[in-house]
């Protein structure tokens, strides 16, 4: 019997839904699946209110861990043949609960020398967050063998409006009856079971060497170079904001509230004005940078980590 451990953190339940559909083709008479939901000692709210949503920005981007509830001894005592790691993106970084887990002694014990597949549910920009997760997995001595990234397929500005509605109201419905539903579509989630078949085969054979190539062939990862450029530029600017604001105090400190309001204004400008300019720059430089863009596409679709 092969032992699989699912590790995830999900506020809305979307990520758990994605993982459950991926697991559908698994042969239950040959594979035993155990779930471990990451639980912070102090839960994060859902739906968010605006103040708390922005107040997690510095710690999220800077990957500062929080205290978690320890996994049960029954989970820690087993050796697993495969780990499926659910990955949420907060402020272009792995969510605070996921980041906190990956920096814990529990993660080092569970992931050491263990084939690991990351499963991402995100709005659209996940590439640089995944690079951070790759580094954390190296620290845990895990073996990253696959990655699946499901995203909101609506255009950037539409998905911004719908995701805010979902995060602040807690409803995954059509805003005003006009906008599309937020998040990863039901069709994409249901279709995710196609990724489970090659994962199941690799698990039973004990060979994951060609898994990511097969997942990419099935559409598990689609790299949009323009979004990668935006992701990289935003990371540079977020770094300046986060390092400045963290010096104003910790979570809930009144002295940093006004700076978080300024960051909110910056985000609005970045999304509605700067992002279109970055896209125009991308189009203007596409031909001269064509070969580099293609190399980057191949790399970000892989499970490799640049030195």
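Just so you know, all these numbers are worked out from the coordinates, no wet-lab data involved. These figures come from a predicted structure and were not determined experimentally. Ideal geometry is used to build each Cβ from the backbone, glycine not excepted, and the neighbour counts take in all protein chains shown.
Binning at 10 angstrom from zero up to the longest distance, how are the C-alpha pair distances of the range 98-177 distributed in percent?
Reading the bins upward from 0: 16, 38, 24, 19, 3.
Suppose the Debye formula is applied to equal point scatterers at every Cα of the range 228-295; what is log10 I(q)/I(0) at q = 0.16, 0.24, 0.28 Å⁻¹?
Those come out to -0.66, -1.04, -1.21, one per q.
Given 0.36 nm per residue, what is the gain on full extension from residue 173 to residue 44 after removing their alpha carbon distance, in nm? Write down the numbers at each step before the final one.
Working: separation 129, 0.36 × 129 = 46.44 nm, distance 2.17 nm.
Contour length minus Cα-Cα distance gives 44.3 nm.
How far apart, in nm, are the 7 Å Cα→Cβ label points at residue 62 and residue 272?
Calculated label separation equals 3.0 nm.
How far is the Cα center of the range 211-251 from the Cα center of the range 194-210, in Å?
Rounded to whole Å, the Cα centres lie 28 Å apart.
Would you mind checking the tilt of helix 225-246 against the longest principal axis of the Cα atoms of the chain, expressed as 0 to 90 degrees and rounded to 10?
Computed tilt is about 70 degrees.
Can you give the alpha-carbon Rg of the range 1-125 over 2.2 N^0.38 Å, where N counts its residues?
Numbers: Rg = 14.9 Å, N = 125, 2.2 N^0.38 = 13.8 Å.
Compared with the compact-globule rule of thumb, the range 1-125 sits at 1.08.
Looking only at 91, 266, 290, which one moves most when the chain is put into a Gaussian network model with springs between Cα atoms under 10 Å?
290
For a Förster distance of 30 Å, can you work out the FRET efficiency between the beta-carbons of residue 298 and residue 187, rounded to the nearest 0.05?
Numbers: r = 27 Å, r/R0 = 0.91.
Once the sixth-power term is evaluated, E becomes 0.65.
Could you work out how much longer the chain between residue 218 and residue 70 gets when fully extended? Use 0.36 nm per residue separation minus the Cα distance between them, nm to one decimal.
Numbers: separation 148, 0.36 × 148 = 53.28 nm, distance 3.59 nm.
Full extension of this stretch gives 49.7 nm more.
To the nearest 10 degrees, how steeply does helix 193-205 sit against the main Cα axis of the chain, on a 0 to 90 scale?
With rounding to tens, the tilt is 40 degrees.
Simple spin-label model, 7 Å along Cα-to-Cβ: residue 131 to residue 2 in nm?
In this crude label model, residue 131 to residue 2 measures out at 3.2 nm.
Looking at the range 2-222, send over the antiparallel percent of its DSSP beta bridges, to the nearest 5.
Numbers: 3 of 28 bridges.
Rounded to the nearest five, the antiparallel share is 10 percent.
Could you calculate the FRET efficiency of residue 78 with residue 52 from 1/(1 + (r/R0)^6), where r is the beta carbon distance between them and R0 is 35 Å, rounded to 0.05? Working shown, then result.
On the way: r = 36 Å, r/R0 = 1.02.
Once the sixth-power term is evaluated, E becomes 0.45.
Tell me what the chain gives for mean residue ellipticity at 222 nm when only DSSP H runs of n ≥ 4 count, each as -39,500 (n - 2.57), the sum divided by the residue total, rounded to 500 deg cm²/dmol. Write out the running numbers ahead of the final one.
Details: 15 runs with 149 residues, N = 307.
Value at 222 nm, helices only: -14000 deg cm²/dmol.
State the Kirkwood hydrodynamic radius of the chain in Å, one decimal place, computed from all pairs of distinct Cα atoms. If you can, show how the numbers build up before the last one.
Working: mean 1/r = 0.0494 Å⁻¹.
Result for the chain stands at 20.2 Å.
Taking only Cα atoms, what is the 0 to 90° angle, nearest 10, from helix 257-269's long axis to the longest principal axis of the chain?
It works out to around 90 degrees.
Quick one: if the Förster radius is 45 Å, what FRET efficiency do residue 194 and residue 248 give, using the C-beta to C-beta distance and rounding to 0.05?
Values: r = 47 Å, r/R0 = 1.05.
For R0 = 45 Å, the calculated efficiency reads 0.45.
Mean 1/r over all different Cα pairs, inverted: what Kirkwood radius does the range 126-282 give, in Å? List each step's numbers first, then the result.
Values: mean 1/r = 0.0534 Å⁻¹.
Result for the range 126-282, one decimal place: 18.7 Å.
Grab the Cα-Cα distance for residue 237 and residue 153, subtract it from 0.36 nm times how many residues apart they are, and report the gain in nm with one decimal.
On the way: separation 84, 0.36 × 84 = 30.24 nm, distance 2.51 nm.
Extending this stretch completely gives an extra 27.7 nm.
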